[in-house]
1. Take the range 25-83 and flag every residue that is within 20 Å of the chain's Cα centre (by Cα) and among the polar types (S, T, N, Q).
2. How do the pairs read when you match residues in the range 31-48 that are among the aromatic types (Phe, Trp, Tyr) with residues anywhere that are open to solvent by 80 Å² or more (accessible area, probe 1.4 Å), using Cβ under 9 Å and keeping only pairs 6 or more apart or on different chains?
3. Name the residues in the range 51-76 that are among the hydrophobic types (A, V, I, L, M, F, W, C), at pLDDT 85 or above and open to solvent by less than 100 Å² (accessible area, probe 1.4 Å), would you?
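The values are calculated or read from the model by the stated rules, or taken from the named source; none is laboratory data. This one's a predicted model, so the numbers in the text were calculated from it and none came from an experiment. Note: ideal-geometry Cβ built from the backbone for every residue, glycine included; neighbour counts use all protein chains shown. Heavy atoms of the whole protein, side chains included, go into the accessibility calculation; ligands, DNA and RNA do not. Shrake-Rupley method; radii C 1.70, N 1.55, O 1.52, S 1.80 Å.
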Amino acid sequence: MHGLGFATALTTLGIPQATLPIALLFFTSEFEIGQLLFVFVVLTLIWRLAKPKPCLPRWGAVLPAYAIGSVAAFWFLSRIILI
């Protein structure tokens with residue numbers, strides 16, 4: 001559909017009928033190459049900016065839970081003793 005609209009625009013500009021298919025071919029190929037280059041640049045940026053995830057030891061995964069539990073237990077016991 002896009003090519004047909006562009007072909008109509010080219011005929012109104014006075015492009016000869018003999019060169020119309022070549023003009024459409026070059027326009028379409030340039031359009032597709034531009035889209036591929038854009039996708040390539042975006043994927044390259046995503047790949048370059050992606051940070052590797054840290055590899056924690058097995059105990060490192062549960063460490064935050066134990067830290068939060070220890071603080072909660074401290075607050076709980078300190079309030080019971082003060083009451």
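1. Result: Gln35, Thr44.
2. Short answer, once both residue conditions are applied: Phe31/His2.
3. Answer for the range 51-76, where residues must be among the hydrophobic types (A, V, I, L, M, F, W, C), at pLDDT 85 or above and open to solvent by less than 100 Å² (accessible area, probe 1.4 Å): Val62, Leu63, Ala65, Ala67, Val71, Ala72, Ala73.
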